[in-house]
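Please read the structure below before turning to the comments.
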Amino acid sequence: MEMKTEHRTGSNLAPEATTAPMEQEGKSAQGAVAQDLSLSGGAFTTYYTWRANGVHTSVNFINAKVKANSRVLLNISEYSANAQDRFIGAARMAVYNIAPYNGGFRAWVDISWGSPLNIRFDVFVDP
């Protein structure tokens, strides 16, 4: 019996099937530091644009509405001619850590590309 060996390479192959993440609706934080997970009336969204590449361990985002105990969610994407034309390109990008402070937040950002790219950060803040 002859075994066929498949050598999968390249980004143009069909993606392998995976299970989808499951929403944990209605579940709350547990433990001594559990807090209310509902959103406050002051929650807001905004975005920032930047042109960069490489690893930046402490990118400073200034916003007077952010407090040291705010919940900050940050998304990164690449854009073309204007910040509304976002897309997923060949560059790998990630936000690793986010630390809010009174007046803004800092984030560790990695843009794995050889030259600067147009970057958009979408931000959700619950002060």
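The values are calculated or read from the model by the stated rules, or taken from the named source; none is laboratory data. The structure displayed is predicted, hence computed values, not measured ones. Side chains included, ligands, DNA and RNA excluded: accessible areas come from the protein's heavy atoms. Shrake-Rupley method; radii C 1.70, N 1.55, O 1.52, S 1.80 Å.
Accessible surface ranking for 96, 79, 101, 1.4 angstrom probe, highest first: 96, 101, 79.
For residue 52, the residues whose modelled amide H falls within less than 5 Å of its own, excluding neighbours fewer than 5 places apart on the same chain, are 117, 119. Accessible area per residue was computed with a 1.4 Å probe on protein heavy atoms; residue 62 scores about 120 Å².
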